[in-house]
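Let me begin by presenting the structure, written as structure tokens, before commenting on it.
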Amino acid sequence: MENRHQLDLRNIPEELQLMIELLRNNHLEEWETFTDINWETFIDLAIHHRIYPVLYPKLKKVKEGIVPPFVLERFSWLYRRNTMKMLFLGSEMQKISKLFSDNHIRLLFLKGPVLAQALYGDISLRTSRDLDVLIPIEKLDEAEHLLLAQGYEKEYEINKELNEWKWRHRHVNYYHPQKKITIEIHWRLNTGPAKEPNFNELWERRKQSTIPGNEVYMLSNEDLYLYLNMHGAQHGWSRLRWLFDIHQLMDKELNWNRIYNRLKRFGYLQVGGQGMILVSELFNRKLSNEMQQYLVNSRSKRLAAKSIFYLESMINIYTLPLPENVVKYHKKYLTGLMSTEQRILFTLSLLYPYPDDMKTLPLPKTLHFLYFPLRPFLWVWRKRKKHVLS
């Protein structure tokens, strides 16, 4: 493939490069050999990148004797297990959709079986760990009551005393111990203080899933492009599946003028371009003049280059503890993602008190307003104390 945007892929593991080649190649029966491949590493990477359901049908097409039998057996088992899980999640999705609808709670499914069906045409071709739904923030208490009555348990409590949880958080998790299913109830697409579409906007543009059964709704294609890029970029594109999702979405009918306007409105033009460049480079995707005109620029190219770091090893940003070099790189990377307005809002948000301030200096509720002028001093105190202890 012509490296049009000069991404440096030399340090990506050979096994991941093979995986990428498999994803972009539809003439695998002509392949004769794979050289220098550690197949155990290949399996580990396929699991890490959550891409094994798409790889398995492709591996079966490769000339017999090229792929070791144990690899095909392992992928076959993973594929069957994932199919059963997605069917189970699909069943629970229908129940939750009906439960909320019967109780007059509008909800949009962000991921899970609806995304697999919409992008791949088959729920068995994509993995999903849980069900992610978006609801109006004023319906959170009602939704919680319904889930608890169904046997779900709240995984953690958010400190709401300072009222900043509405924008510093975006979801809360509920887990069903018998069904082994987690539902993430979102009231935002992304953590604040960045701007984003409100629920009513997204609801008005919603589309109905083609999965048979109770009516299930999801984001429109243009809103989905915004969301998938926001989500993948925040994670450093550390899983190949997020990029392949966008690759699949780009095969659908998309209004690029609408996408451009929404990305620009909410400060994500550079992020939308970053995802597009990565998809183009990794999966040999030809970009139309319209796509390049709207989203490809020098900043999106730089961001795409920076995200290759996450493909050079199996990095999962939210599996702690992270190596110190990864923590430092990711912090700088996240800052680079922000638009100018987002950086200003983020800087100002640091002046708003955190729950940690309440732990550092407990005050009665009537004096909570003092946390605003005291915030810088409490932050310095914690930093000093942490430094002394370390």
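The values are calculated or read from the model by the stated rules, or taken from the named source; none is laboratory data. In this text, all values refer to a predicted model and were calculated from it rather than measured experimentally. A quick note on method: Cβ atoms are made from the backbone with ideal geometry, for glycine too, and the neighbour counts reach across all protein chains shown.
Scanning segment 364-385 for residues that are more than 15 Å from Tyr352 (Cα to Cα) and either surrounded by 13 or more Cβ atoms within 10 Å (Cβ to Cβ) or touching a residue at least 12 places away in the same chain (Cβ under 8 Å) (or both) yields Lys365, Trp381, Arg382. The number of residues in segment 257-300 being surrounded by 18 or more Cβ atoms within 10 Å (Cβ to Cβ) and assigned to a helix (DSSP H, G or I) comes to 23. The set of residues in segment 131-145 being over 12 Å from His186 (Cα atoms) and crowded, with 16+ Cβ neighbours inside 10 Å is empty.
Check segment 64-71 and report whether any residue there is surrounded by 19 or more Cβ atoms within 10 Å (Cβ to Cβ), part of a loop (DSSP other than H, G, I, E, B) and either at pLDDT below 90 or not assigned by TED's automatic domain parsing to the domain that holds Lys180 (or both). Yes - at least one qualifying residue is present in segment 64-71. When restricted to residues that are assigned to a loop (DSSP other than H, G, I, E, B), surrounded by fewer than 16 Cβ atoms within 10 Å (Cβ to Cβ) and not acidic (Asp, Glu), segment 301-355 contains 10. I'd like to know if segment 365-373 contains one or more residues that are more than 10 Å from Leu162 (Cβ to Cβ), out of contact with any Gly (no Cβ under 6 Å at 6 or more places or on another chain), outside any helix (DSSP H, G or I) and not assigned by TED's automatic domain parsing to the domain that holds Asn163. No: zero hits. Taking segment 187-250 as the region of interest, none of the helices (runs of 4 or more DSSP H) fully inside it holds 2 or more residues being within 18 Å of Ser101 (Cβ to Cβ), of a type in the set (D, E, K, R) and touching a Pro at 6+ places or on another chain (Cβ under 7 Å).
Residues being surrounded by 19 or more Cβ atoms within 10 Å (Cβ to Cβ), farther than 19 Å from Gly90 by Cα, under 20 Å from the mean Cα position of the chain (by Cα) and of a type in the set (Asp, Glu) are entirely absent from segment 181-190.
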